[in-house]
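> Before I ask anything, let me first share the structure, which is written out below as structure tokens.
The values are calculated or read from the model by the stated rules, or taken from the named source; none is laboratory data. Because the structure is predicted, anything quoted here is derived from the model rather than measured. FYI the Cβ positions are ideal-geometry reconstructions off the backbone, even for glycines, and counts take in every protein chain you see. Surface areas here come from the heavy atoms of the whole protein model, side chains and all, with no ligands, DNA or RNA. Shrake-Rupley method; radii C 1.70, N 1.55, O 1.52, S 1.80 Å.
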Amino acid sequence: MKRQMDVSALALASRELLNRGDPVGAERVLSPVFAQLGADASVLHLMGLIKKAQNKMEDAERHLRAAVAYSLSDGSYYNDLGVVLQARGAYPDAIKVFRAALALMPQAAQVRVNIIHCLMSSGDLELAEQEALGYIKAAPGPEAWTLLGQIQRAQDRNEEALVSAATALKLAPTERGLRLNHAVALDRARRSRQAVETFHAIAGQSSDSPELALHLARALYADGRKADAEQTLV
């Protein structure tokens with residue numbers, strides 16, 4: 001019994017190290033007892049996450065598939081496997097696994113987001129848009145509207161993307177990321193002056209970032225203020 005407790009404690013210690021951002025240390029702790037715990041779905045899942053954090057995607061896929069095989073009803077295992085499959089470029093398989101995860105966890109917004117991102121990565125923007133509209137219907141929040149706007153922007157439907165960005169912002173008007181996204185949408189829709197005003201407002205209320213400076217410079221240039229655009233980049 002004590003030996004079993006010691007082994008379980010090592011697995012918990014490994015998970016803690018992974019959560020702290022130390023996948024190498026997590027593997028070092030888990031490896032000596034992995035053979036004893038290898039028939040445990042949670043341990044297989046943990047090793048899969050460790051390998052994923054080290055960008056060893058082939059190993060991560062193998063362990064996560066084993067975790068799914070041992071625990072067919074845990075949607076989070078399917079979701080994590082889908083993330084690895086997507087990272088490996090296996091988009092059709094990833095979509096199938098994500099859909100299985102969603103069937104097990106129909107309220108899990110992150111799974112819906114992963115499906116949409118996977119479809120976008122695969123180039124299937126039409127189906128990605130359908131999924132985004134379904135996400136909005138299920139949970140009409142700012143994230144869903146932002147995703148729809150990103151898909152519309154990828155199709156150069158910039159006026160529609162602006163409407164989606166504005167809708168997301170209305171739902172969370174103080175969120176900096178949504179304000180920046182709305183300003184970018186204004187710029188892409190050729191509303192350069194409004195975009196400049198919005199970028200300046202964001203910069204004036206919180207710390208600057210390289211991303212903000214770059215977008216502001218582009219908007220200034222589009223508005224004909226080339227010297228200001230150059231100074232912003234400098």
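> What number comes out for accessible area per residue over the chain if the probe is 1.4 Å? Units Å², please.
Heavy-atom SASA per residue in the chain reads 54 Å².
> Right, here's the next one. In deg cm²/dmol and to the nearest 500, what is the mean residue ellipticity at 222 nm of the chain if only DSSP H runs of at least 4 residues count, each as -39500 (n - 2.57), divided by the residue total?
Calculated mean residue ellipticity at 222 nm is -26000 deg cm²/dmol.
> At a 1.4 Å probe radius, carbon and sulfur cover how many percent of the accessible area of the chain?
The nonpolar share, carbon plus sulfur, comes to 53 percent.
> Take each of the peptides 9-17, 216-224, average the number of other beta-carbon atoms within 10 Å over its residues, and list them starting from the highest.
216-224, 9-17
> Continuing with the same structure: Please compute the modelled spin-label separation between Q231 and A139, points set 7 Å along Cα→Cβ, answer in nm with one decimal.
Computed distance between label sites A139 and Q231 equals 4.4 nm.
> Next question. Just to confirm a number: summing +1 for Lys and Arg and -1 for Asp and Glu over residues other than D156 whose beta-carbon lies under 13 angstrom from that of D156, what do you get?
+2
> Given the options A213, A66, A128, state which has the largest fluctuation in a GNM of the chain using a 10 Å cut-off (strictly under) for Cα springs.
Evaluated over the chain, the most mobile residue of the options is A213.
> Between R99 and R28, 0.36 nm times their residue separation minus their Cα-Cα distance comes to what?
Length gained, R99 through R28: 22.2 nm.
> Of the listed values [x] 16.7, 53; [y] 17.6, 52; [z] 22.3, 75, grab the one calculated as Rg and Dmax of the Cα atoms in Å from the structure here.
Checked against the structure: label [z].
> Please find the FRET efficiency linking Q36 to S121, where r is the Cβ-Cβ separation and R0 is fixed at 30 Å, and quote it to the nearest 0.05.
Given R0 = 30 Å and the Cβ-Cβ separation, E is 0.20.
> For K226, give me every one of the aspartates and glutamates with a C-alpha distance below 19 angstrom, ignoring sequence neighbours fewer than eight places off in its own chain.
D187, E197, E211
> OK, next. If you take the square roots of the eigenvalues of the alpha-carbon gyration tensor of the stretch 103-188 and sort them as a ≥ b ≥ c, do you get rounded (a/c under 1.5), prolate (a/b over b/c) or oblate?
Cα axes put the stretch 103-188 in the oblate bin.
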